[in-house]
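The next block holds one structure in the form of C-alpha cells; read it before the comments.
The values are calculated or read from the model by the stated rules, or taken from the named source; none is laboratory data. From a predicted model like this one, the values you see are computed outputs, not experimental measurements. Using ideal geometry, Cβ is built from the backbone for each residue, glycine included, and neighbour counts are taken over all protein chains shown.
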Amino acid sequence: MQFLSPIWFTALAALSIPVIIHLWNIRPGKTLKVGSISLITEASKVTRRSFKLLDILLLITRCLLLTLLAMFLAAPVWQRYVSATKTKGWILIPKEEFRGAYTRFKPQVDSLARAGYEFHYFNKGFAKGDLKTLLLDTLTNDIVSTGNYWSLVKQLDNKVNTSIPVSLFTDNNLKHFKGAKPAVRINLRWQSYTQADSTAIWLSHAYFTSGNAIKVLRANSNPRQTWYTTETVTGDGNADIALGIQNGRPFLTLKNLRQGSIVVDTSVMRIAVYADRYKTDANYLKAALDAVTAFTGQKSVVRVYSDAAKIPAGQTWLFWLSDRPVRSPGSKNIFMYQSGKQAAVNSWINADGSQVKLHKSVISADKNESVWLDGFGRPILSAGGHDQANIYRFYSRFNPLWNDLVWSDDFPEMLLRLIWRKEPAGMETFDKRVLKNEVIQPDLLTAATPQTSSLANEQTDLSKYFWLTLVVIFIAERLLSHKTKQVQTND
C-alpha cells in the first residue's frame, strides 16, 4: 500500500490531543461521612494530583480515528505489479464515441484484437472493457465527449509500460485539445477521424436592443472554421427562427434543427466609469464605450461619475479610473487602474491581433491570467476573480502620454472583445473545427531513459474503504464515550 499525498501524515501530530485530555482527566475526591470530628486532630492540607491514563479503550479508539483520518487524506492506493509480457498491447477508444471510432477504424481494431491486444476506454482510469460484449450491444450510442485528450495521453504515459504498443482511436475535434501539447515516452500510435456530422448551426446569444427588437447571434461551424452572423427578429420570429414564451421569458428556437433553444437576455447592460482625477481618461473611455454599445445595439446605460458614492450598486461593468481602493457593491466586472512604480517603455500593447504603441506602464509582477500583453510578454491587462466579481487590472492608462489606445481605431474593438470575452454559448457542444492528425501527435521523449521493467504498475484506490472504516470507528467512539459518561455519573 502506498500514499499519493503523504504530507497529510503531519496531521498525526493531533494524536497528542486525546492523550493530553486523558492525562488531565482528574476525578473529584469522595466525601466520607463520619459521626463526629471532635476526636480527629487537624492535619495540614495536602493536594495530590495523579496523571494517570483512564479509559484506555476510549483513548485507543480516538487515536485510531485520527490516524485513519490522516491516512484517508493521504490518498491510499494499493499498488501491484502485473506482468507486461502477457499483454500484446492496448486498444483505446473514448467511451462516448465508441461506435463512431470503431466504425471508422473497424479493420485496424479487429486486427489488433485478434493479435491479443487488450481493449481499454480512453477515459480517466483507462478501465478495461470487453470488446466483444461492446460490439454485441446494439444500444451503445455515441454521446458528446468533453474530455481533454492531451491531458489523458499524459496520464496514460504514467500508467503504461513503454514496452507495450498502444493504439489510440479518437475524433480530431478541436475542443478535445486544450493546453500545451504533451511529451510522452510510451509507444503510441494515434489515429484520428472527422465525425460524420461535420457542420453545425446554432443560436449562440440573443438580447433586446434599444428599439425593443431582438438581436440574434447565429453560429456556424465546419471543420475549417467557426463564424458568426447577426440578425434581427421581430414579431413572431422570421423564416427559420421561432419566438416563444416560457415561464414569462422569451426564447428563440431554430426551426427544423435540434440544437435546442436559447433564452433572450432582457437585462440592461449598465456601465459606470469612475473618473476621480482622471477626467480626460474617462472622456476617451466613454466615447469608445458609446461606440461599442451602438455597434451591439444591446440596451445599455453608460455613465461617468466623479463621486464614487453615487455609483448605483449592481453594475455590469465598473471602470475604476482611480488610484483609490475600489468600492464596488455588486458589480459583476471591475476594470481598475493598477497603482505602483511607473516606467517609460518603448513597446506595444498586444490584444487579439491588435497592436497599439505603449509609452509608459506600471511595473507588473502579476500572476493572474493575461488578457493584454506588452511586447516583452508582460501583462498590461490581467484577469482574476475576487468576491464574486471578475477583476481586470490595467497596468497603463487611457491617456496619450501612456499609450496610443485612445487614437487607435482598434480601441473600441478591443473593448468589445473584453466586454464580450465570455465564450459564446454552444461552442463546447457544437464546435466542429478539427486538427490535422500530425498536429495532434504528442512529442516523443527520446532522450529519456526507457522503462526496462517487464512489470506494469496497477493502482487501486482504497479511499472508500478507509472512509467506511472511519465511519465505523467514529460510531464506536461515540458509543464508548456515552457509556463512560454514564459510568462516571453513577459513581
Condition met for Gly384 (under 25 Å from the mean Cα position of the chain (by Cα), without any contact (Cβ under 8 Å) to a residue 40 or more places away in the chain and surrounded by fewer than 17 Cβ atoms within 10 Å (Cβ to Cβ))
yes
Which condition does Ala196 not pass, out of (1) of a type in the set (Gly, Ala, Ser); (2) outside any strand (DSSP E or B); (3) modelled with pLDDT of 90 or more, if it passes all the others?
(3)
Scanning region 259-286 residue by residue, those surrounded by 15 or more Cβ atoms within 10 Å (Cβ to Cβ), assigned to a loop (DSSP other than H, G, I, E, B) and not polar (S, T, N, Q) turn out to be Val264, Ala275, Asp276, Tyr278
From the list Val144, Val160, exactly one residue is buried (at least 17 other Cβ atoms within 10 Å of the Cβ), at pLDDT below 90, among the hydrophobic types (A, V, I, L, M, F, W, C) and in a loop (DSSP other than H, G, I, E, B). Which is it?
Val160
Which numbered condition Ser204 fails, given (1) more than 24 Å from Glu118 (Cβ to Cβ); (2) among the polar types (S, T, N, Q); (3) in a loop (DSSP other than H, G, I, E, B)
(3)
Qualifying residues in region 409-432 (those that are acidic (Asp, Glu) and over 26 Å from Ile334 (Cβ atoms)) - the one nearest to the chain's Cα centre (by Cα)
Glu428
Hits in region 297-311 (condition: under 21 Å from Asn283 (Cβ atoms) and either assigned to a strand (DSSP E or B) or in contact (Cβ under 8 Å) with a residue 40 or more places away in the chain (or both)):
Ser300, Val301, Val302, Arg303, Val304, Tyr305
Mind checking which residues of region 340-377 are assigned to a strand (DSSP E or B), modelled with pLDDT under 90 and within 19 Å of Trp407 (Cα to Cα)?
Ala351, Ser354
Hey, among Ile311, Ile363, Ile349, which residue is surrounded by 15 or more Cβ atoms within 10 Å (Cβ to Cβ) and under 15 Å from Arg393 (Cβ atoms)?
Ile349
Got at least one residue in region 401-409 being out of contact with any Ser or Thr (no Cβ under 6 Å at 6 or more places or on another chain) and more than 20 Å from Asp281 (Cβ to Cβ)?
no
